[in-house]
Amino acid sequence: MGSFKLQLAICFLSLAMFQSTHAQNSPGDYLNAHNAARAQVGVGNMVWSSTLAAYAQNYANLRARDCNLIHSGGPYGENLAKGGGVFQSAPGVFTGTTAVNLWVGEKANYDHNSNTCASGADCGHYTQVVWRNSNQLGCARVQCANNGGWFIICSYNPRGNYVGQSPY
C-alpha cells in the first residue's frame, strides 16, 4: 500500500511539474499580459489571431536551432525574446508571460510626452505592445536546440512603431 501512495505522489508531482512548464504560455496568457499593459495607457484590447500564431510558430521553428534574435522581416510587427537555459539574464523556465513582462518593463525608458526612449535604452518592444492600432496578436515559443533556453516571438497586426507617431 505504501508503494502505491508513493507512486501516486510521484504521478501528482510529475503532473504539477508538467503544468508549471506549460503555464503562462497559452494564448490567454499572452493576451492577458499584453492587454494589462495596454489598459494602463487606455488602449483597447488585442484579440488572438490563429494566422499570426501560425506565422510566429513557423518562424520560431526556424530559429529553434540557434535561437538568434533575428527578425523575420515579415509583414507583421514583431517582438522577440530568449531566456532560460544558459542565458544568465533569465535563468530557469522562460515563459511567454516572462517575455511580455520584459518588453513591458521597457516602459521605464519611454517618455510619452516627447515620444522618445531614454538615451541608449530600448523601448520599441514596449511601444509595440501598446501600439493603439495593433489589435491582433499571435505568439509562439520553442526550446532552443543549442542551449536549452527558449525563443519567443509575438507577431502584431497591424504593425506598429512608425517613426514620428505616438503609440497611444
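The values are calculated or read from the model by the stated rules, or taken from the named source; none is laboratory data. Remember, predicted model here, so these are calculated numbers, not experimental data. Glycine gets a Cβ as well: all are built from the backbone with ideal geometry, and neighbour counts include every protein chain shown. What goes into the accessible areas is simple: the full protein's heavy atoms, side chains included, and nothing from ligands, DNA or RNA. Shrake-Rupley method; radii C 1.70, N 1.55, O 1.52, S 1.80 Å.
Considered as a group, the residues in region 59-81 that are open to solvent by 70 Å² or more (accessible area, probe 1.4 Å) and either free of Cβ contacts under 8 Å to residues at least 60 places away in the same chain or in a loop (DSSP other than H, G, I, E, B) (or both) include one that is nearest to GLN136 (Cα to Cα), and that residue is PRO75.
Condition test on TYR168, is it under 22 Å from SER49 (Cα atoms) and open to solvent by 30 Å² or more (accessible area, probe 1.4 Å)? Here the answer is yes, as TYR168 does meet what is asked. Here VAL163 clears all of (1) open to solvent by less than 60 Å² (accessible area, probe 1.4 Å); (2) in a loop (DSSP other than H, G, I, E, B); (3) among the hydrophobic types (A, V, I, L, M, F, W, C) except the condition numbered (1). Can you find even one residue in region 149-159 that is outside any strand (DSSP E or B), open to solvent by 20 Å² or more (accessible area, probe 1.4 Å) and more than 14 Å from TYR30 (Cβ to Cβ)? Yes, because at least one residue in region 149-159 is outside any strand (DSSP E or B), open to solvent by 20 Å² or more (accessible area, probe 1.4 Å) and more than 14 Å from TYR30 (Cβ to Cβ). For region 91-105, a tally of residues being surrounded by 17 or more Cβ atoms within 10 Å (Cβ to Cβ) and either touching a strand residue (DSSP E or B) at 6+ places or on another chain (Cβ under 8 Å) or modelled with pLDDT under 95 (or both) returns 9. Please verify whether region 82-91 includes one or more residues that are closer than 17 Å to ALA53 by Cβ, touching a residue at least 40 places away in the same chain (Cβ under 8 Å) and touching a helix residue (DSSP H, G or I) at 6+ places or on another chain (Cβ under 7 Å). No: region 82-91 contains no residue that is closer than 17 Å to ALA53 by Cβ, touching a residue at least 40 places away in the same chain (Cβ under 8 Å) and touching a helix residue (DSSP H, G or I) at 6+ places or on another chain (Cβ under 7 Å). Of all the residues in region 110-157, those that are closer than 13 Å to VAL100 by Cα and in contact with a Pro (Cβ under 6 Å, 6 or more places away or on another chain) number 2.
Of note, VAL142 does not satisfy the criterion of being in a loop (DSSP other than H, G, I, E, B), surrounded by fewer than 22 Cβ atoms within 10 Å (Cβ to Cβ) and hydrophobic (A, V, I, L, M, F, W, C).
Is at least one residue of region 25-34 hydrophobic (A, V, I, L, M, F, W, C) and open to solvent by 40 Å² or more (accessible area, probe 1.4 Å)? Scanning region 25-34 turns up no residue that is hydrophobic (A, V, I, L, M, F, W, C) and open to solvent by 40 Å² or more (accessible area, probe 1.4 Å).
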